[in-house]
Ligand SMILES: *Cc1c(COP(=O)(O)O)cnc(C)c1O
Ligand code: SF4
């Protein structure tokens, strides 16, 4: 298949589950999809054994073929540098596992419990801080959520449940409905937060059914998407975000500051403006977590601070994200 207008249209019309099945799973396949010569991307060492390449077609369609520094390509392309992270880059950089109160539940911050709903994502971001998370040890079927729900029920300081993963939107609408019902049944939980990259990777995942689910819940919902670069937008992503916004749920964005991808004030200004112009508020700009294999993405904090100073002078106050780092404190640590 080639990278053409007609493939774009076809891709937009496929049901989202098909996109999960048809996603590109090797550098060779990606080269061919983009119409590039075999070997163009160079060696990726043994990096894909631990964390395979995974790119859904609707996102691949936004990669500029032939541009080897394309900011979308760099997020998903395995490279040899992943094999040579210094020792300070670990497998669980944010100590998730220390805060696991039950299978699938991480309780790190006051009032908020995070559910590892699945290990599956609609894309493999090479810088992902959970790239080596032991997902195999977490609940897989709905009946195994019992102990997770008990742990949340037993702690009435918890007023918010965050669906994370992996990506919770890789679950079907019917499974999500069951999960949300279980959470709704816990009286002290008021809010549901969903952290997802699906609306950007496979926009057709934002089904009418999903939006109905959010709208019909007694929980008030907040949707946090993850976009790093303005070029991740296209008409289908816009439509997906509009659908979510029509439920009344606030939509926030988190980005990761990434070397060679969005590490300039201009790139960040463009991203933030594109978000607020579509009703999405920039929430966090995350300093890279030091996960093994991601060292080549790190931007020094001093540089991040300079970018933030410029953002504050160029953007409306509400469009400036909080620049944060996960240092295992009582909240994400604001970098100022
Ligand atoms: C980031 C995170 C949250 C949410 O933190 P906010 O600052 O409220 O966005 C909750 N739990 C865990 C484990 C997290 O890593
Ligand atoms: S979507 Fe999120 S959890 Fe999934 S690979 Fe990307 S950064 Fe990691």
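At a 10 Å Cβ-Cβ cut-off, how would you order 24, 152, fewest neighbours first?
24, 152
List the relative contact order of the stretch 137-220 as a percent without decimals, with contacts defined as Cα pairs under 8 Å and 6+ residues apart. Let's see the in-between values first.
Values: 72 pairs, mean separation 28.0, N = 84.
Across the stretch 137-220, relative contact order equals 33 percent.
Report the relative contact order of the chain, percent, no decimals, based on alpha-carbon pairs under 8 angstrom and at least 6 residues apart. Numbers along the way, then the final one.
Working: 613 pairs, mean separation 56.4, N = 336.
With pairs under 8 Å counted, the relative contact order is 17 percent.
Considering the convex hull of the alpha carbon atoms of the stretch 39-114, report its projected area averaged over all viewing directions, in nm², one decimal. Don't skip to the answer; put the middle values down first.
Numbers: hull surface 31.4 nm².
Here the figure is 7.8 nm², rounded to one decimal.
Taking springs between alpha-carbon atoms closer than 10 angstrom, which of 136, 45, 304 fluctuates most in the Gaussian network model of the chain?
136
By DSSP, what percent of the beta bridges with both residues in the stretch 97-334 are antiparallel, rounded to the nearest 5?
20 percent
Dimensions of the stretch 97-334 along principal axes (Cα, Å, largest first)?
Projected onto its principal axes, the Cα set of the stretch 97-334 covers 47, 37, 29 Å.
Among 192-204, 51-63, how do they line up from the highest to the lowest mean number of other beta-carbon atoms within 10 Å?
Sorting 192-204, 51-63 by mean packing, highest first, produces 192-204, 51-63.
What value in Å³ per residue do you get for the convex hull of the alpha-carbon atoms in the stretch 134-266?
133 Å³
Evaluate the relative contact order of the stretch 5-83 (contact order divided by residue number), counting alpha-carbon pairs under 8 angstrom at least 6 apart; express in whole percent.
It rounds to 35 percent for the stretch 5-83.
Order of 49, 132, 160 from fewest to most other C-beta atoms within 10 Å? Working shown, then result.
Details: 49 8, 132 16, 160 19.
The fewest-first ordering by Cβ neighbours comes to 49, 132, 160.
So how many Å³ per residue does the convex hull of the Cα atoms of the stretch 5-83 work out to?
Values: hull volume 6.9 nm³, N = 79.
Hull volume over Cα atoms, normalised by residue count, gives 87 Å³.
How much FRET efficiency would the formula 1/(1 + (r/R0)^6) give for residue 18 and residue 220, where r is the Cβ-Cβ distance and R0 is 35 Å, rounded to 0.05?
Efficiency, from the Cβ-Cβ distance: 0.60.
Spin-label point model (7 Å from Cα, Cβ direction): what's the residue 334 to residue 49 distance in nm?
4.5 nm
In square nanometres, what is the average projected area of the Cα convex hull of the stretch 200-245?
3.3 nm²
Which order, highest average first, do 161-172, 88-99 follow once you tally other Cβ atoms within 10 Å for each residue and take the mean per peptide? All intermediate terms of the calculation are to be shown ahead of the outcome.
Working: 161-172: 22.4, 88-99: 15.0.
Highest to lowest by the protection proxy: 161-172, 88-99.
Considering the chain as a Gaussian network with a 10 Å cut-off on Cα pairs, which listed residue, 206, 178, 320, attains the greatest mean-square fluctuation?
Answer for the Gaussian network model of the chain: 178.
Quick note: the coordinates plus some simple rules give every number you see, no bench work behind them. All figures in this text were calculated on a predicted structure; none of them were measured in a lab. Please note: Cβ atoms are built from the backbone with ideal geometry, for glycine as well, and neighbour counts cover all protein chains shown.
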